[in-house]
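Since the structure comes first, as structure tokens, the remarks are kept for the end.
The values are calculated or read from the model by the stated rules, or taken from the named source; none is laboratory data. These numbers come from a predicted model, not from an experiment. We place every Cβ from the backbone using ideal geometry, glycine too, and count neighbours over all the protein chains shown. Just so you know, the surface numbers come from the protein's heavy atoms only, side chains and all, with ligands and any DNA or RNA stripped out. Shrake-Rupley method; radii C 1.70, N 1.55, O 1.52, S 1.80 Å.
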Amino acid sequence: MRIDILTLFPDAVDAMMHASILGRAQERGCITIRTHQIRSFTTNKQMQVDDYPYGGGRGAVMQADPLYRCWAHVCEEAGSRGHTIYLSPCGRTFTQSVARKLKETYDHLILVCGHYEGIDQRFIDECVDEEISMGDFVVTGGEIPAMALADAVCRMVPGVLPDEECFTEESHWNGLLEYPQYSRPDEWHGRRVPDVLLSGHHGNVEKWRRKQSYIRTMLRRPDLWAQFDESVCKTKGERRLLAEAKAEAEALRAGAEPSPADDQ
């Protein structure tokens, strides 16, 4: 997987993208993440990348030509036209399923980071394949969204994480939120780790985690739970676990104590 990021702040992006897990993955050759300074592709001494918007209004708009020159350089360097994404609040909302689709469909992404009041629509029309938003909010530039997208996609590339379970067991992979996690010591500030996690019984641990995932999703993200396909619970034991989770979630909603301990 190769990702090229067109930005006015390459040093800030590099500092994050070349650290920790992604940094080590690049050293091993699993992924390649490169930044490109848009100002380097201007044609005037001032290295100007923006100008006043036609029609008036506050702020400035990033010009099409420096963006195009930077984008064309990346495509020429890569030897092909990468799937180009403009990080924009006007795009479709980024989700785990979108990240999976990008990873499965493309081996080269070009991410365009806007600034100011946005970028010239003509560049979008000519070069951008899709616009993606991080959510219903606005930030000062596209760098943080670009890094979030790159991280979400790259962590699923084989070799980046030690095992597939590192991401398939996490929130949103299967439409559910992840179960609670605990570490040592087994008691902290009077709060104990659930006994089932100390039991060494892997089957009971798996049941507890699945139930907690159901309950957490029901309570915190009813919108996600509404989309959950309960038919995936095929065995009698799986259906019983789901029923128990529903009962406990309902008890919690009502402010009552959940029935028998979760660790059974």
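Projecting the Cα atoms of 128, 96, 37 onto the charge dipole of the stretch 1-144, computed from C-beta unit charges around the Cα centre, puts 96 farthest toward the positive end.
Here is the result for the stretch 216-249: no GluC sites (Glu not before Pro) lie in DSSP coil with at most 13 other C-beta atoms within 10 angstrom of their C-beta.
For the stretch 109-154, the list of chymotrypsin sites (Phe, Trp or Tyr not before Pro) that fall in a loop by DSSP and count at most 13 other C-beta atoms within 10 angstrom reads 137. Net length available on complete extension from residue 20 to residue 227 is 71.1 nm, with 0.36 nm assigned per residue and the Cα-Cα distance removed.
Could you give me D for the chain, from Stokes-Einstein at 10 °C and 1.306 mPa s, where the hydrodynamic radius is the Kirkwood radius over C-alpha pairs? Units µm² s⁻¹, please.
After rounding, the answer is 74 µm²/s.
Look at where the Cα atoms of the stretch 25-74 and of the stretch 187-212 average out, and the two centres are 50 Å apart. The stretch between residue 11 and residue 81, if pulled fully straight at 0.36 nm per residue, gains 22.7 nm over its current Cα-Cα span.
The chymotrypsin sites (Phe, Trp or Tyr not before Pro) found in the stretch 1-71 that occupy coil by DSSP, while having at most 15 further C-beta atoms within 10 Å, are 54.
Calculated accessible area for the stretch 65-130 comes out at 50 Å² per residue, all protein chains present (probe 1.4 Å; ligands, DNA, RNA ignored). Fully extending the segment from residue 46 to residue 198 would add 48.3 nm, taking 0.36 nm per residue of separation and subtracting the current Cα-Cα distance.
About the Cα centre of the chain, how large is the charge dipole given +1 on each Lys and Arg Cβ and -1 on each Asp and Glu Cβ? Please answer in debye to the nearest 20.
480
The share of accessible area on the chain that comes from carbon and sulfur is 49 percent, using a 1.4 angstrom probe.
Applying 1/(1 + (r/R0)^6) with r as the Cβ-Cβ distance of residue 101 and residue 32 and R0 = 22 angstrom yields a FRET efficiency of 0.60. Residues of the chain were split at every exposed loop site, defined as trypsin sites (Lys or Arg not before Pro) in a DSSP loop with at most 10 other C-beta atoms within 10 angstrom, and the longest piece left, sites excluded, is 59-233.
When the Cα positions of 245, 199, 180 are compared along the charge dipole of the chain, 199 comes out farthest toward the positive end, with charges on each C-beta of Lys, Arg, Asp and Glu. Taking the Cβ of residue 118 as the centre, find all other residues whose Cβ is under 11 Å away and add up their charges (Lys, Arg: +1; Asp, Glu: -1). In short, -4. Over all pairs of different C-alpha atoms in the stretch 22-102, the reciprocal of the mean inverse distance, the Kirkwood hydrodynamic radius, equals 15.7 Å.
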